[in-house]
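Visitor: One structure is given below, represented as structure tokens, and several questions about it will come after.
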Amino acid sequence: MEILVTEMNASDEITIRTQFSDYRFRVTDPVECRGVLTGGKLGTDPREALLVEAIPPEACEPRASVQLEPGDRAVFLFAGNELKRLTTSTITEIVLSEPTETSTGDC
């Protein structure tokens with residue numbers, strides 16, 4: 001499965017499974033590739049993050065830099081006390097979860 005982040009909807013969530021960790025990236029601004037990242041080295045502490053690129057395997061043909069596929073490594077930037085960069089290990093699986101609608105009617 002391949003995912004082009006710029007074509008997603010706000011609140012869509014991507015589960016990114018890698019060789020060593022699982023990450024969740026909930027998209028808040030698909031055009032800017034912004035969202036909230038948790039998992040892996042970050043643990044359960046949500047961080048506002050920017051997906052800056054996907055690093056494909058060397059033998060891969062050129063494609064959109066924010067298109068995630070198994071075999072890629074994802075690069076995120078997030079702020080703490082300073083700007084930090086997180087590069088995942090090789091992605092083994094990507095799962096897209098769309099937000100579920102909740103009822104706002106009277107109880």
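Visitor: Scan segment 1-16 residue by residue and report those that are under 9 Å from Gly35 (Cβ atoms) and in contact with a Lys or Arg (Cβ under 6 Å, 6 or more places away or on another chain).
Guide: Listed by number, the list holds a single entry, Glu13.
Visitor: Please give the number of the condition Asn9 fails out of (1) at pLDDT 90 or above; (2) in a loop (DSSP other than H, G, I, E, B); (3) surrounded by 12 or more Cβ atoms within 10 Å (Cβ to Cβ).
Guide: In the conditions (1) at pLDDT 90 or above; (2) in a loop (DSSP other than H, G, I, E, B); (3) surrounded by 12 or more Cβ atoms within 10 Å (Cβ to Cβ), Asn9 misses (3) alone.
Visitor: I'd like the full set of residues that are closer than 20 Å to Pro56 by Cβ and either touching a Lys or Arg at 6+ places or on another chain (Cβ under 8 Å) or of a type outside the set (S, T, N, Q) (or both), limited to segment 19-36. Before you say what the answer is, go through the steps one by one.
Guide: Our first condition is that a residue be closer than 20 Å to Pro56 by Cβ; within segment 19-36, this holds for 19-21, 23, 25, 33.
Matches in segment 19-36: Phe20, Ser21, Tyr23, Phe25, Cys33.
Visitor: When the residues of segment 32-75 are filtered to those that are assigned to a loop (DSSP other than H, G, I, E, B) and among the polar types (S, T, N, Q), which remaining residue is nearest to Ile3 (Cα to Cα)? Give the steps one after another, and end with the answer.
Guide: The initial filter retains those residues of segment 32-75 that are assigned to a loop (DSSP other than H, G, I, E, B), namely 32-33, 43-46, 56-66, 69-72.
From what's left, among the polar types (S, T, N, Q): 44, 65.
Details: Thr44: 23, Ser65: 11 Å.
Looking at the filtered set, the residue picked out is Ser65.
Visitor: Still on this model: Among what's in segment 55-107 and is touching a Gly at 6+ places or on another chain (Cβ under 8 Å) and modelled with pLDDT of 80 or more, pick the residue that is surrounded by the most Cβ atoms within 10 Å (Cβ to Cβ).
Guide: Residues of segment 55-107 touching a Gly at 6+ places or on another chain (Cβ under 8 Å): 56-57, 60, 86, 88, 90-91.
Going one step further and asking which of them are modelled with pLDDT of 80 or more, we end up with 56-57, 86, 88, 90-91.
On the way: Pro56: 17, Pro57: 11, Leu86: 16, Thr88: 24, Thr90: 14, Ile91: 20.
Per the criteria, the residue is Thr88.
The values are calculated or read from the model by the stated rules, or taken from the named source; none is laboratory data. What you are looking at is a predicted structure, and each value in this text was computed from that prediction instead of being measured. With ideal geometry, Cβ positions are generated from the backbone for all residues, glycine too; neighbour counts draw on all protein chains shown.
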